[in-house]
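Undergrad: Let me begin by handing over the structure; questions about it come next.
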Amino acid sequence: MKTIPILAAMLVTLPALADERLVSVQQVIADASLAPAQRDAEILAARRYATFWHTGDARYARAALAADFTDRTLPPGRVQGVPGPIAASSFVRAAIPDLQADLLQLIVAGDRVTVHYRFHGHFTGRWADKQGQGQAIDFIATDIYRIADGKIADNWHIEDNLALMQQLGLVAR
């Protein structure tokens, strides 16, 4: 593996949806043996999905996820497939309307992309029966995507839910 410097200007030249403005990534580490077209398609899918989490705009999720998308670490109560993350984003944004997802790094190897996120915002809405008081929210998450035909087909993810629950005031620190 080698580090490939990716500049925002270069990323804008990747194929994109009309009027698409994707979040930038701070660091990309890519397998040097990957064909550039495959690498770029995988980075594009990951950036589209990150933009969905950053903005809550479901069109980015639909552009990033395969029609038969499978969440391999499906939380209890979440619907499988593309509707699952869209519903999850809506639920979280009801509590944290200014939620942002910073895309810290991507590691691209074969048909896998590992993504390191930092989520942050303010708890001003409601989470279940708890009303926010403007508390700062700041937690990390890591996803592993399997990319097929330029779309995320599978996702394994882990979030720092303990930090999130503590910041929401739902779990003692």
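Undergrad: Which one of Leu106, Leu22, Leu34 has the biggest mean-square fluctuation once the chain is modelled by GNM with Cα springs under 10 Å?
TA: Highest fluctuation of the listed residues: Leu34.
Undergrad: Considering amide H positions built from the backbone, and no H for Pro or chain starts, which residues 5 or more places from Ile152, or on another chain, come under 5 Å of its amide H?
TA: Leu65, Ala66
Undergrad: Around Gln80, what is the net charge, scoring Lys/Arg as +1 and Asp/Glu as -1 over all other residues with Cβ under 14 Å from its Cβ?
TA: Residues close to Gln80 contribute a combined charge of -1.
Undergrad: Still on this structure, please answer the following. Relative to the present Cα-Cα distance, how much length would full extension add between Gln133 and Ala87 at 0.36 nm per residue of separation? Working shown, then result.
TA: Values: separation 46, 0.36 × 46 = 16.56 nm, distance 2.34 nm.
The span from Gln133 to Ala87 would gain 14.2 nm if fully extended.
Undergrad: Which net charge results for the neighbourhood of Ala50, defined as the other residues with beta-carbon distances under 13 angstrom from its beta-carbon, given Lys and Arg at +1 and Asp and Glu at -1?
TA: Charge balance near Ala50 sits at -1.
Undergrad: Still on this structure: So, R0 is 30 Å and r is the distance between the beta-carbons of Thr124 and Asp149; what FRET efficiency does that work out to, to 0.05?
TA: Working: r = 39 Å, r/R0 = 1.31.
For R0 = 30 Å, the calculated efficiency reads 0.15.
Undergrad: Something else now. According to the square roots a ≥ b ≥ c of the eigenvalues of the Cα gyration tensor, what is the shape class of the range 90-173, taking rounded for a/c under 1.5, prolate for a/b larger than b/c otherwise, and oblate for the remainder? Don't jump to the answer; show the numbers that get you there.
TA: On the way: a/c = 2.65, a/b = 2.34, b/c = 1.13.
Prolate shape, in that a/c is at least 1.5 and a/b is the bigger ratio.
Undergrad: Now a separate question. Take every Cα pair under 8 Å in the chain that's 6+ residues apart, average their separations, divide by the length, and report that relative contact order as a whole percent.
TA: Details: 341 pairs, mean separation 36.2, N = 173.
In percent, rounded to a whole number, it is 21.
Undergrad: Could I ask something else about it? Expressed in nm to one decimal, what extension gain is obtained for the pair Ala35 and Arg72 from 0.36 nm per residue of sequence separation less their Cα-Cα distance?
TA: Numbers: separation 37, 0.36 × 37 = 13.32 nm, distance 2.68 nm.
Full-extension gain reported as 10.6 nm.
Undergrad: Also, I was wondering about something else. In nanometres, what is the gap between the two model label sites at Glu20 and Gln105, each 7 Å from Cα along Cα-to-Cβ?
TA: That separation, rounded to one decimal, is 2.5 nm.
Undergrad: Moving on. Using only DSSP helix segments of four residues or longer, with each worth -39500 (n - 2.57), what per-residue ellipticity at 222 nm results for the chain after dividing by its residue count and rounding to 500?
TA: Values: 5 runs with 53 residues, N = 173.
My calculation for the chain gives -9000 deg cm²/dmol from helical runs alone.
Undergrad: May I pose another question? Treat each spin label as a single point 7 Å out from the Cα along the C-beta direction, and report the Ile140 to Val171 distance in nm.
TA: Those two pseudo-labels are separated by 1.6 nm.
Each value in this text was obtained by applying a stated rule to the coordinates, not by laboratory testing. Remember, it's a predicted structure, so these values are computed and weren't measured experimentally. Here the Cβ is made from the backbone with ideal geometry for all residues, glycine too, and neighbour counts use every protein chain on show.
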